[in-house]
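See structure below.
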Amino acid sequence: MAVWYALFAVYAGGVALFSGPGNDRSWGIWAASGYAAAATLAVAWPSRRGRRAALAASLAGGLVAPLTWLATQAPATPDVVVVTRSAALLLHHATPYLPSAQLAHGGWLAYNPYLPVMAVFGLPRALGLPGLAGDPRPWLAVATFLLLAAAFRAVGSDRAGSRGYLGRAGFATASPVLAFPLAVGITDPPVLALTCLALALLAGPAWTGRSAWADRRVWLAALALGAACAMKYTAWPALVVLAVMIAARDGRRAAARFAAPAVTAAAILAAALAPAAVAAPAALVQNTLAFPLGLTHAHTPAQSPLPGHLLATLGPAGHLAAIILLITAGLAIAASLVTHPPADAPAAARRLALGLTLMFALSPATRFGYFAYPIGLYGWLALSGQESLRLGRLLDRGQRHRDPAVRVLRAASDPGLRLRSVQLMEQGDASREELPRLG
């Protein structure tokens with residue numbers, strides 16, 4: 001843990017040194033101090049209390065202090081402005097979006113690229129709460145932490161009933177992957193946390209109607225992912241990948257029993273929170289689709305120098321080429337889901353991370369902060385112990401079916417033999433000629 005905190009401190013220090021004056025530099029100064037204190041405590045106090053003190057220092061320096069400072073001492077960031085205004089519009093006009101006529105005369109800040117549920121985080125200010133209590137950022141941070149705690153709890157990594165899942169959620173929330181965007185008001189962390197919760201709920205054994213508890217977990221996963229899909233379009237690829245995973249693991253009917261409630265939940269939440277936007281979807285499409293794709297007269301400031309954006313700067317032909325590449329990458333990921341569907345939650349998380357990486361790299365309007373999604377998914381796999389749980393499920397399944405690869409795996413001391421036997425077990429083909437030679 002001391003090494004991780006030290007790496008966090010180096011990253012935050014780099015942000016503080018190389019960012020211009022503004023919110024990013026303020027976060028870097030606060031966070032570098034907090035992470036450095038956490039690393040020192042982890043080395044000097046190697047006990048459970050020391051680990052808790054280090055975690056508290058990282059949370060205080062990486063998230064709580066910079067969030068409070070920026071929310072009370074600095075001007076509101078564009079994300080905070082958009083979320084707060086969308087909530088006020090929702091209360092007064094039953095839609096979080098400005099009409100097309102007003103968008104035509106406003107700048108890029110007039111657009112709201114989020115889906116209706118995101119406006120919930122702006123409701124405290126719209127309802128009259130002042131100061132820090134009305135700012136969306138504390139509510140985004142609290143929601144992210146609670147959702148991650150539920151995800152770590154649901155995955156079953158704390159079988160002894162300890163409170164370790166709270167520590168894992170705290171560490172993840174305090175990491176720069178989540179603390180940095182939360183402090184400056186970026187809205188991706190709760191969407192990522194809801195995706196991790198859905199992965200956790202679906203990480204258990206097959207649920208083909210044999211267990212009422214398993215069925216309840218799937219319904220909860222569908223509701224979690226449906227809420228994420230009603231917040232941001234970045235959650236929709238997860239719905240596709242997880243549905244394919246369930247189809248490969250439990251059958252097409254099971255996949256339909258997951259996907260249908262998720263889509264229904266997203267539609268109901270969107271319609272309930274923005275009935276006027278659903279009834280007249282022109283403003284919804286212009287805000288959430290045309291604006292992020294760069295098809296409006298005002299362009300998004302999300303313009304990190306990634307391949308898609310660099311192509312788009314070359315003119316209309318370059319912009320079209322970037323969109324074609326984006327569509328091609330999406331089709332390639334879709335083809336991989338057909339030919340090599342993920343068989344479990346870790347494989348689904350890795351495939352989703354790959355798809356999102358390609359999407360963010362090739363989008364005409366993008367920013368480096370979006371890569372918190374793939375990085376967060378890999379961090380989720382590491383912190384939740386999903387890979388070790390996956391190996392345990394393979395062993396259990398192999399023992400039930402008397403798979404000879406289990407004997408090879410348990411007897412082999414060479415890492416290469418162990419890896420190959422696991423691959424054979426995953427493929428479900430223990431009769432190939434290679435296995436006796438491995439044995």
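Consider only pairs whose beta carbons are under 8 Å apart and that are at least six residues apart or on different chains; among these, list those whose first residue lies in the range 167-180 and is in the same structural domain as Tyr373 (by TED's automatic domain parsing) and in contact (Cβ under 8 Å) with a residue 40 or more places away in the chain and whose second residue is of a type in the set (S, T, N, Q) and not in a helix (DSSP H, G or I). Matching pairs, first to second residue: Arg168/Ser157. Close Cβ contacts (under 6 Å, 6 or more residues apart or on different chains) running from residues in the range 117-135 that are among the small types (Gly, Ala, Ser) to residues that are at pLDDT below 95 and not in a helix (DSSP H, G or I) comprise Ala119/Pro96. Residues considered: Ala283, Ala267, Ala260. Of these, the only one that is more than 23 Å from Ser100 (Cα to Cα) and out of contact with any His (no Cβ under 6 Å at 6 or more places or on another chain) is Ala260. A Cβ distance below 7 Å, combined with a sequence gap of six or more or placement on separate chains, defines the contacts here; from the range 237-258, residues that are in the same structural domain as Ala348 (by TED's automatic domain parsing) and in a helix (DSSP H, G or I) reach residues that are surrounded by 19 or more Cβ atoms within 10 Å (Cβ to Cβ) and of a type in the set (S, T, N, Q) in the pairs Ala238/Thr195. When Ala149 is tested against the conditions (1) touching a residue at least 24 places away in the same chain (Cβ under 8 Å); (2) surrounded by 20 or more Cβ atoms within 10 Å (Cβ to Cβ); (3) under 30 Å from Gly34 (Cα atoms), the lone failure is (1).
Every residue, every condition in (1) polar (S, T, N, Q); (2) modelled with pLDDT of 85 or more; (3) surrounded by fewer than 20 Cβ atoms within 10 Å (Cβ to Cβ), yes or no:
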{"site": "Arg253", "(1), (2), (3)": "no, yes, yes"}
{"site": "Val263", "(1), (2), (3)": "no, yes, yes"}
{"site": "Leu273", "(1), (2), (3)": "no, yes, no"}
{"site": "Pro305", "(1), (2), (3)": "no, no, yes"}
{"site": "Leu320", "(1), (2), (3)": "no, yes, yes"}
{"site": "Gly330", "(1), (2), (3)": "no, yes, yes"}
{"site": "Ala335", "(1), (2), (3)": "no, yes, yes"}
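Picking from residues in the range 16-45 that are part of a loop (DSSP other than H, G, I, E, B) and surrounded by fewer than 13 Cβ atoms within 10 Å (Cβ to Cβ), the one that is modelled with the lowest pLDDT is Gly20. If you check Gln73 against the conditions, is it closer than 30 Å to Ser26 by Cα, without any contact (Cβ under 8 Å) to a residue 12 or more places away in the chain and over 27 Å from the mean Cα position of the chain (by Cα)? Against the criterion (closer than 30 Å to Ser26 by Cα, without any contact (Cβ under 8 Å) to a residue 12 or more places away in the chain and over 27 Å from the mean Cα position of the chain (by Cα)), Gln73 qualifies.
Let's see how each residue does on (1) at positive phi; (2) in contact with a Ser or Thr (Cβ under 6 Å, 6 or more places away or on another chain); (3) assigned by TED's automatic domain parsing to the domain that holds Leu289:
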position: Ala38; (1), (2), (3): no, yes, no
position: Arg51; (1), (2), (3): no, no, no
position: Leu67; (1), (2), (3): no, no, no
position: Tyr97; (1), (2), (3): no, no, yes
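Look at (1) over 18 Å from Ala277 (Cα atoms); (2) at pLDDT below 90; (3) of a type outside the set (Lys, Arg) and you find that Ala104 fails only one, number (1). In the range 43-69, the residues that are touching a residue at least 40 places away in the same chain (Cβ under 8 Å) reach residues that are charged (D, E, K, R) and assigned to a helix (DSSP H, G or I) with C-beta atoms within less than 8 angstrom, at least six apart or across chains, in these pairs: Leu67/Arg137.
Scanning the range 25-52 for residues that are of a type outside the set (S, T, N, Q) and more than 27 Å from the chain's Cα centre (by Cα) gives Ala37, Leu41, Ala42, Val43, Ala44, Trp45, Pro46, Arg48, Arg49, Gly50.
The values are calculated or read from the model by the stated rules, or taken from the named source; none is laboratory data. What you are looking at is a predicted structure, and each value in this text was computed from that prediction instead of being measured. Don't worry about glycine lacking a Cβ; one is built from the backbone with ideal geometry, like all the others, and counts go over all protein chains shown.
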